[in-house]
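Bear in mind these aren't lab numbers, they're just calculated from the coordinates by the rules spelled out. The shown structure was predicted, so the numbers you read here are calculated from the model rather than taken from an experiment. Counting neighbours? That spans all protein chains shown, and the Cβs are built from the backbone with ideal geometry, glycine included.
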Amino acid sequence: MTIMHIQIPDDLKEAFEKAFPGDTIEAAVERLLRAEVSKRRPALTPRAQALLEKIRSIRESTPPTSNEEIRALRHEGRP
């Protein structure tokens, strides 16, 4: 993890503390940075978007598989 040093005006710090009691400035800055990065990330091509939606629908309609089931399936086809 990287450490960033930024200066925040006192009036903004006070407004933040009133608006978000108990929240840390570090957590808020992280959320803002993540949101901005995701907004500016290039959009997926239509084909990639369609594939992503297909994967998501498969995941939603398929029950989770336990580690034990996965191990059994791996060993099932082995000699």
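Below are the figures for this structure:
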| quantity | calculated |
| --- | --- |
| Helix-derived mean residue ellipticity, 222 nm - over the chain, DSSP H n ≥ 4, -39500 (n - 2.57), to 500 | -21000 deg cm²/dmol |
| Estimated inter-spin distance, Glu36 and Ala48, nm [label 7 Å along Cα→Cβ] | 2.2 |
| Whole-Hz couplings from phi, Karplus 6.51/-1.76/1.60, listed for segment 8-24; x for Gly and Pro | 10, x, 4, 5, 6, 4, 5, 5, 5, 4, 6, 6, 10, x, x, 8, 9 |
| Residues of type lysines that Lys39 reaches as a straight line, Cα spacing below 26 Å, ignoring anything fewer than 8 places off in the same chain | Lys13, Lys54 |
